[in-house]
Amino acid sequence: MNQDDKPTDSARRNILKGALGTGALAAGAASVPGFIFPALAQGEQLVPFTDVPDTFNARPARPNSTHWLDTREITTHFTDNDDFYIVQHYGQPEIDNETYKLKVTGMVDNELEFSLSELMARDNIEQQVGFECGGNSRGLFQGLIGNARWRGVSLASILEEAGIQDGAKEIVFFGSDVQTETIRETEVDKAFARSLSIDDAMRPENMLAFEMNGEPLPLYHGKPVRALIPGWYGVSNVKWLNQIHIQDTRYMGRFMGRDYVTLKKESIGGIERWVENSVTTINLKSSIVRVTEMGGQHTIQGFVLNDGTSIESIEVKVDDGPWERAEINPRSTKYSWKLFRYDWNNATPGEHTVVSRVTDVDGNVQATTEELPDKVSRWENYAQFPRTVRI
Ligand SMILES: Nc1nc2c(c(=O)[nH]1)N[C@H]1C(S)=C(S)[C@@H](COP(=O)(O)O)O[C@H]1N2
Ligand SMILES: [Mo]
């Protein structure tokens, strides 16, 4: 394993061991020596998908504004900071590192306040975390996605230092980005915010990150500090974090209760009901993102994301053929994305449908759209994603 890939920490090794020390892959997903996922080699070509609309070919604006990753260009395990997708709902607040303060308030024994240098001076942890926006979809060819190496401090250690009082229920994370929203005909200034239950917040892998791929957190990814909740959809990773508040009521707000809310049909104790849920952990998902050809040999590549449960297998199917096992990049860790490749031998000229499916060690298998419950909201798209290519 490359040194870069190991979650490292200084004093908190024991805490992290439980969460991160287990192998990212189950025994069945063999690690492949010499696994490569390179930029196009000499003589290698991208095989065009025939399912990509012209709008996707217009290059996304970047790096400083909302943009997605052109997933056909995923070649590296870590996404460059400038290529990593950006979603910002309320603009981009510029915060001065010198005057930055993070406040910890509410139902705690000690309210706390940290400057950036005080935060950075605490025990650091570093880990690989990949995530996608809860609104990522086939329409964007899954481009609201990225994988990076993050450094920061443990959230639990800060909450422990503050001392959460009995009766507290939720931890609310407020960003510095504020916008005037009209709610029931009243104009109110609202900060971007999300909350976690105490149990979810105390997971040892949660961190307050100030570094991304070895650089200070870029402005557009939340400078100087963001929350990072591994295994959860991107919306939980509150950028430009300036307050953590502990309270005994459920936090409500646009990004908990109105947006990033999935509406789907489910059996509730035997009764079929339409159910709404806030977007939380990343559903088990894989997608093919590129097909390449060199010297007549074709290769299919893609990614897996989930909540951190170990992966049993990733398989690829061509047309009506059998499911065949693909190889997972052995650099993958528990919360990184997992890139995979499959050698597509003897591909014949013409149009083909290719699709991937991932299975975790608990036996969950990525389903087809038809197998999933009826869903009318645009969040949480994790069905198998058939692609078409022409050889
Ligand atoms: N303060 C703040 N944090 C935020 C957001 C935001 O608009 N404001 N967007 C969220 C959403 S919806 C996503 S998907 C991720 C995107 O993180 P990125 O732009 O660094 O990729 O940030 C989350 N954190
Ligand atoms: Mo998002």
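The values are calculated or read from the model by the stated rules, or taken from the named source; none is laboratory data. Note that this is a predicted model, so its numbers are computed, not measured. Neighbour counts are summed over all protein chains in view; Cβ atoms, including those assigned to glycine, are modelled from backbone coordinates with ideal geometry. For accessibility, only protein heavy atoms count, side chains too; no ligands or nucleic acids. Shrake-Rupley method; radii C 1.70, N 1.55, O 1.52, S 1.80 Å.
Descriptive notes on the structure:
- Single residue of region 91-132 satisfying the filter (within 16 Å of ligand 2 (Cβ to nearest atom) and buried (at least 23 other Cβ atoms within 10 Å of the Cβ)) that is farthest from the chain's Cα centre (by Cα): Val129
- The residue that is nearest to the chain's Cα centre (by Cα), counting only those in region 315-360 that are open to solvent by 10 Å² or more (accessible area, probe 1.4 Å) and of a type in the set (Phe, Trp, Tyr), is Tyr335.
- Where Thr186 falls short, out of the listed (1) open to solvent by 20 Å² or more (accessible area, probe 1.4 Å); (2) within 14 Å of ligand 1 (Cβ to nearest atom): (2)
- Test: Asp307 is open to solvent by 30 Å² or more (accessible area, probe 1.4 Å) and not in a loop (DSSP other than H, G, I, E, B): no
- Among (1) away from ligand 2 (no atom under 14 Å from the Cβ); (2) assigned to a helix (DSSP H, G or I); (3) not aromatic (Phe, Trp, Tyr), the one test that Val235 misses: (1)
- Verdict on Gln179 being out of contact with any Leu (no Cβ under 8 Å at 6 or more places or on another chain), farther than 22 Å from Ser336 by Cα and within 16 Å of ligand 2 (Cβ to nearest atom): yes
- Residue under evaluation Ile229, criteria (1) free of Cβ contacts under 8 Å to residues at least 40 places away in the same chain; (2) over 21 Å from the mean Cα position of the chain (by Cα), criterion not met: (2)
- Qualifying residues in region 192-226 (those that are part of a loop (DSSP other than H, G, I, E, B) and among the aliphatic types (A, V, I, L, M)) - the one nearest to Ala162 (Cα to Cα): Met202
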